[in-house]
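The values are calculated or read from the model by the stated rules, or taken from the named source; none is laboratory data. Everything numeric in this text was worked out from a predicted model, so none of it was measured. Neighbour counts run over all protein chains shown; Cβ positions are idealised from the backbone, glycine included. All accessible areas refer to the heavy atoms of the entire protein, side chains included, with ligands and DNA or RNA removed. Shrake-Rupley method; radii C 1.70, N 1.55, O 1.52, S 1.80 Å.
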Amino acid sequence: MTAAPETPVSSGPVPLAPPRRLVDVTVDGEQIRVPEGSTLLDACEAKGVDVPTLCYGDTLTPRNACRICVVEVEGARTLAPACSRKAEEGMSVLTDSERVRHSRKLVLELLGSSVDLSTTPGVPEWNERYGAAPDRFGPRADPAPLGERDARHAGEHAPVDGAAAATVEQPAKDDNDLYVRDYGKCIMCYKCVDACGEQWQNTFAIGIAGRGFDARVSTEFDVGLPDSACVYCGNCIEVCPTGALSFATEFDMRREGTWDEERQTRTTTVCTYCGVGCNVTLHVQDGEIVKTSSPHDNPVTHGNLCIKGRFGYQHVQNAPGKRQARGGGETMV
């Protein structure tokens, strides 16, 4: 049998990808040049315009769920979400027109009247900027008992008298020792679902159940988180914009009134659990690690970690054999 000829190996430099063509976009009357394929949000950031975002994630494909980043494109019938609309040559965009301001104001009011946005960064400033008044829809309805919203069936609604604004508020789900699900703060941005699904983790432990106002994030068959497919990577926490998902330590400290990000330092290091080389950022307050994150621009992790990198830091500050009790029981750390 004749041996197949060897494929010659090039010893020259690896060819670089061709540069992207630049397109000219006018943002609020000023011409901005951005690479082809950039979004209008990229163009606004290049101009230095602060466009509010909630459902946008720099490591995820935009879902266009919150609609707070909408801008006005000349000639377009409807407002366009800046986070996903691609910039095109000659496009003219207004980011602070009366139409844009009215839309953002209404979105903030609808969200603020139904969701607890107390831990969502930027909301107080946005409410002031756009004159949003969530209270104009009336007093907030009482929170639902734990599990009541999960038991609702699509299309079945009890009559309401309109005396109060319906909310998604409910007690937090504290069923494990690692993180807490406070769905009274959930704006249905889908970021946790995407991070758990095909965009990163491919675990598919959570999805969207219900319809309309009763839509909610849920595990399969609404089983408890410890009984679901969740692998506790915590990547859903990393992308949550409102604090609906948070470390158990952060949740407890906020409840006690001791959480203070201004007193926290951040130190990025390399995770020591395996040889992948994931970068881990340690958030330290008063000499103790209170949570971890990962840089989104890291080429290895892109902001993602496994259960060890995300939650396996207790050994640094706890003596061997010491037990840390919280929520549903005791956990050896």
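Only one of (1) assigned to a loop (DSSP other than H, G, I, E, B); (2) open to solvent by less than 20 Å² (accessible area, probe 1.4 Å); (3) assigned by TED's automatic domain parsing to the domain that holds CYS240 fails for ALA195. Which number is that?
Failed condition: (1).
Going by what's in this entry, would GLY321 be described as modelled with pLDDT under 90, farther than 16 Å from TYR232 by Cβ and open to solvent by less than 60 Å² (accessible area, probe 1.4 Å)?
yes
Might you let me know whether region 15-25 holds any residue that is charged (D, E, K, R), at pLDDT below 95, surrounded by 13 or more Cβ atoms within 10 Å (Cβ to Cβ) and in a loop (DSSP other than H, G, I, E, B)?
The answer is no, given that none of the residues of region 15-25 is charged (D, E, K, R), at pLDDT below 95, surrounded by 13 or more Cβ atoms within 10 Å (Cβ to Cβ) and in a loop (DSSP other than H, G, I, E, B).
Please work out which residue is most open to solvent (accessible area, probe 1.4 Å), limiting yourself to region 92-116 and to residues that are part of a loop (DSSP other than H, G, I, E, B) and in contact with a Gly (Cβ under 9 Å, 6 or more places away or on another chain).
Checked region 92-116; the qualifying residue most open to solvent (accessible area, probe 1.4 Å) is ASP116.
Mind listing whichever residues of region 216-242 are of a type in the set (Gly, Ala, Ser) and open to solvent by less than 20 Å² (accessible area, probe 1.4 Å)?
SER218, GLY234
Return a yes/no flag: does region 158-166 have any residue that is surrounded by 16 or more Cβ atoms within 10 Å (Cβ to Cβ) and within 24 Å of TYR232 (Cα to Cα).
No, region 158-166 contains no residue that is surrounded by 16 or more Cβ atoms within 10 Å (Cβ to Cβ) and within 24 Å of TYR232 (Cα to Cα).
From TYR179, TYR183, grab the single residue that is of a type in the set (Phe, Trp, Tyr) and either at pLDDT below 85 or open to solvent by 20 Å² or more (accessible area, probe 1.4 Å) (or both).
From the options TYR179, TYR183, the qualifying one is TYR183.
Name the pairs: first residue in region 175-199 and more than 20 Å from ASP222 (Cβ to Cβ), second residue small (Gly, Ala, Ser) and not in a helix (DSSP H, G or I), Cβ to Cβ under 6 Å, at least 6 apart or on different chains?
So the pair list comes out as CYS189/ALA65; LYS191/GLY57.
Name the one entry in THR59, THR78, THR53 that is part of a loop (DSSP other than H, G, I, E, B), farther than 19 Å from ARG99 by Cα, out of contact with any Asp or Glu (no Cβ under 6 Å at 6 or more places or on another chain) and among the polar types (S, T, N, Q).
One residue alone meets the criteria, THR59.
Taking the stated definitions as given, is VAL284 among the hydrophobic types (A, V, I, L, M, F, W, C) and more than 14 Å from GLU250 (Cα to Cα)?
It is false that VAL284 is among the hydrophobic types (A, V, I, L, M, F, W, C) and more than 14 Å from GLU250 (Cα to Cα).
Within region 200-251, work out how many residues are free of Cβ contacts under 8 Å to residues at least 24 places away in the same chain and either over 18 Å from CYS55 (Cα atoms) or hydrophobic (A, V, I, L, M, F, W, C) (or both).
Result for region 200-251: 8.
What residue, among those in region 276-286 that are touching a residue at least 24 places away in the same chain (Cβ under 8 Å) and more than 14 Å from GLY303 (Cβ to Cβ), is nearest to the chain's Cα centre (by Cα)?
That would be LEU282.
Between GLY48, GLY57, which is surrounded by 16 or more Cβ atoms within 10 Å (Cβ to Cβ), more than 14 Å from ARG85 (Cα to Cα) and not β-branched (Val, Ile, Thr)?
Result of the check over GLY48, GLY57: GLY57.
Condition first: free of Cβ contacts under 8 Å to residues at least 12 places away in the same chain, surrounded by 14 or more Cβ atoms within 10 Å (Cβ to Cβ) and closer than 24 Å to LEU60 by Cα. Can you find one or more residues in region 260-275 that meet it?
no
Looking at region 181-192 only, could you name the residues that are out of contact with any Gly (no Cβ under 8 Å at 6 or more places or on another chain) and outside any helix (DSSP H, G or I)?
Residues satisfying the conditions are ARG181, CYS186, ILE187, MET188, CYS189, TYR190.
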